[in-house]
Amino acid sequence: MGFPVFLTGMTGVGKSIISEYSLNSLKNYQIIKLAFSSQTSTKETQRKIEDKLEKKKRNLLSGNKNQNVIVFVDDVNMPAYDKYGA
């Protein structure tokens, strides 16, 4: 671990299933799973991630019980642009 992974492929080849199976087999990691839709906003995404983390200091977040955190995002291409084009 310690590096980003990006899976690509045609629809229906099992990317989500393989990813879920692999992530569920990991111990000592906190997994945050996000599913985007065309209505997903950047603020909503940030809130979903921050809500699952522990606040250590005013501006420092951590995984529960000091676990490393993995954020799994399914269907990256789905969200609509926000007013800043992000």
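Any read-out appearing in this document is the output of simple, stated calculations on the displayed coordinates, not a laboratory observation. Just so it is clear, the model here is predicted, and its values are computed rather than measured. Neighbour counts are summed over all protein chains in view; Cβ atoms, including those assigned to glycine, are modelled from backbone coordinates with ideal geometry.
Of N68, N28, N59, which is the most mobile in a GNM of the chain whose springs link Cα atoms less than 10 angstrom apart?
N59
Cα-Cα over 26 Å: which of K33/K65; K48/K83; K15/K57; K33/K56?
Long pairs (Cα-Cα over 26 Å): K15/K57.
If I take every Cα pair under 8 Å that is 6 or more residues apart in the chain, average their sequence separation and divide by the length, what percent do I get for the relative contact order? Provide the component values of the computation, followed by the final result.
Values: 78 pairs, mean separation 30.1, N = 86.
Across the chain, relative contact order equals 35 percent.
Mind listing the long-range amide H neighbours of Q30? Cut-off is under 5 Å, sequence gap 5 or more, other chains count too, H placed in the peptide plane at 1.01 Å from N.
N68, V69, I70
For Q67 paired with A35, estimate the spin-label separation in nm (one decimal), with each label point 7 Å from Cα along the Cα-to-Cβ line.
About 2.0 nm separates the two model spin labels.
Rounded to the nearest 500 deg cm²/dmol, what is the calculated helix-only ellipticity per residue at 222 nm for the chain, with -39500 (n - 2.57) per DSSP H run of length n ≥ 4? Walk me through the numbers on the way to the answer.
Details: 2 runs with 20 residues, N = 86.
My calculation for the chain gives -7000 deg cm²/dmol from helical runs alone.
Considering amide H positions built from the backbone, and no H for Pro or chain starts, which residues 5 or more places from V73, or on another chain, come under 5 Å of its amide H?
L34
Using θ = phi - 60° and the Karplus form 6.51 cos²θ - 1.76 cosθ + 1.60, what ³J(HN,Hα) does each residue of the range 11-25 get, whole Hz, x for Gly and Pro?
Rounded to whole hertz, the list is 4, x, 8, x, 4, 5, 5, 5, 5, 4, 4, 5, 5, 5, 7.
Whats the longest run of the chain with zero trypsin sites (Lys or Arg not before Pro) that are DSSP loop and have at most 11 other Cβ atoms within 10 Å?
28-57
Got a sec to turn the phi values of the range 47-63 into Karplus ³J(HN,Hα) couplings, 6.51 cos²θ - 1.76 cosθ + 1.60 with θ = phi - 60°, whole Hz, x for Gly and Pro?
Coupling constants for the range 47-63: 4, 4, 6, 5, 5, 9, 10, 8, 8, 8, 9, 3, 10, 10, 10, 8, x Hz.
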